[in-house]
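Report on the structure given below.
The values are calculated or read from the model by the stated rules, or taken from the named source; none is laboratory data. If you're wondering where the values come from, they're calculated on a predicted model, not measured in any experiment. No Cβ is skipped: glycine too gets one built from the backbone with ideal geometry, and neighbour counts run over all protein chains shown. In case anyone asks, the SASA skips ligands and DNA or RNA and just uses the protein heavy atoms, side chains included. Shrake-Rupley method; radii C 1.70, N 1.55, O 1.52, S 1.80 Å.
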Amino acid sequence: MTAPIETTEAQPEAAPEGAGKRQIEGRSLGQIAWSRFKKDRVAVAGGIVVVLLILVAVLARPIQALFGLDPNAFHQDLIDANTSLPNGGWGGMSLSHPLGVDPKFGRDIATRILEGSWVSLVVAFGSTILSNVIGAIMGVVAGYYGGRVDSIISRLMDTFLAFPLLLFAIAISATLQGGAFGLNGLPLHLSVLIFVIGFFNWPYLGRIVRGQTLALREREFVDASRGMGARGPYILFRELMPNLVGPIIVYSTLLIPTNILFEASLSFLGVGIQPPQASWGGMLREAVTYYQVDPEYMIVPGLAIFVTVLAFNLLGDGLRDALDPRSR
């Protein structure tokens with residue numbers, strides 16, 4: 001007799017742990033950088049302040065029109081005729097003038113800070129864009145082609161870096177104060193500052209882009225483009241430039257506060273934005289005469305510059321760490 005064959009029922013396979021849950025999804029480089037950036041609370045705080053400053057600058061003129069504010073309106077009734085100082089303490093602070101009024105003329109400081117915000121950011125962003133365009137193009141061309149092209153562009157960078165920029169900017173700005181290129185007044189002052197600051201600052205970004213390009217030009221995707229018959233301009237602007245966006249953005253956020261300080265310095269020296277147009281540097285220049293008897297007039301524009309520069313620097317540091325963790 002044969003032993004009965006025992007049959008066993010097939011046991012169901014154990015379900016893999018996590019089945020039925022959301023599957024793991026790949027993340028792009030942008031998503032990874034954003035997740036890193038969100039963890040840096042200081043950088044996020046700086047970014048929030050930067051966004052608020054940009055909104056204030058963009059909406060400065062509409063806000064003034066909506067509330068009937070005039071940065072150049074005199075309020076002689078708020079000024080002591082004997083001392084030319086604001087009546088009351090703390091620079092004449094009141095509900096109508098929360099940041100006080102300036103000496104001698106009685107102009108509302110809050111309105112003038114609001115008006116000066118868009119001037120500083122227009123000059124800073126305009127000059128940064130000009131520097132980035134020139135520096136990125138020159139840097140990527142020098143790094144990709146190398147040889148004689150690299151030598152010529154590198155010597156050009158060295159020449160620009162040797163210029164005493166502040167003295168050169170003072171000379172050009174002072175020479176063009178009367179009028180030039182069919183412009184005068186505020187449009188001329190803004191254009192001159194953007195050109196002077198932006199045109200002479202491009203070698204810094206150019207060197208950064210050149211160094212990155214020297215590493216990228218040996219990568220496989222560049223060799224693949226060459227193998228498919230792509231020419232130099234296509235490789236420069238379609239293959240290399242997209243991979244240089246990160247360093248350019250980081251450098252831009254660090255260059256903008258430098259340009260804000262540069263514009264304020266030129267206005268403080270009297271060769272930047274000219275009165276009666278409000279600017280933070282111009283307000284500091286006017287406050288020098290009164291800082292001992294009315295320190296509030298110097299503190300307010302000084303704090304505006306300090307907070308703006310600090311916020312951009314914190315944002316730039318956070319973006320650098322998020323886009324390139326190895327830089328920590």
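Data for the structure
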{"read-out": "Residue satisfying all of: in the range 65-109; assigned to a loop (DSSP other than H, G, I, E, B), of a type in the set (A, V, I, L, M) and closer than 16 Å to M283 by Cα; most open to solvent (accessible area, probe 1.4 Å) among these", "value": "L99"}
{"read-out": "Helices (runs of 4 or more DSSP H) wholly inside the range 110-211 that include at least 1 residues being open to solvent by less than 50 Å² (accessible area, probe 1.4 Å) and among the charged types (D, E, K, R)", "value": "147-162"}
{"read-out": "Unique residue being open to solvent by 80 Å² or more (accessible area, probe 1.4 Å) and at pLDDT 85 or above when the list is R219, R226", "value": "R219"}
{"read-out": "Yes/no for A278 being touching a Phe, Trp or Tyr at 6+ places or on another chain (Cβ under 9 Å), touching a residue at least 12 places away in the same chain (Cβ under 8 Å) and at negative phi", "value": "no"}
{"read-out": "The one condition in (1) modelled with pLDDT under 90; (2) of a type in the set (S, T, N, Q); (3) within 22 Å of the chain's Cα centre (by Cα) that S120 fails to fulfil", "value": "(1)"}
{"read-out": "Residue match in the range 31-38 (condition: out of contact with any Asp or Glu (no Cβ under 9 Å at 6 or more places or on another chain), basic (K, R) and either under 23 Å from Q274 (Cβ atoms) or without any contact (Cβ under 8 Å) to a residue 40 or more places away in the chain (or both))", "value": "yes"}
{"read-out": "From the options A322, A304, residue that is closer than 24 Å to I109 by Cβ, among the aliphatic types (A, V, I, L, M), in contact with a helix residue (DSSP H, G or I) (Cβ under 6 Å, 6 or more places away or on another chain) and surrounded by 18 or more Cβ atoms within 10 Å (Cβ to Cβ)", "value": "A304"}
{"read-out": "Residues satisfying the stated conditions in the range 275-301, i.e. open to solvent by less than 50 Å² (accessible area, probe 1.4 Å) and of a type in the set (S, T, N, Q)", "value": "Q277, S279"}
{"read-out": "Residue within the range 244-256 that is under 17 Å from G126 (Cβ atoms) and of a type in the set (F, W, Y) present", "value": "yes"}
{"read-out": "Odd one out for L255 among (1) over 27 Å from I152 (Cβ atoms); (2) under 22 Å from the mean Cα position of the chain (by Cα)", "value": "(1)"}
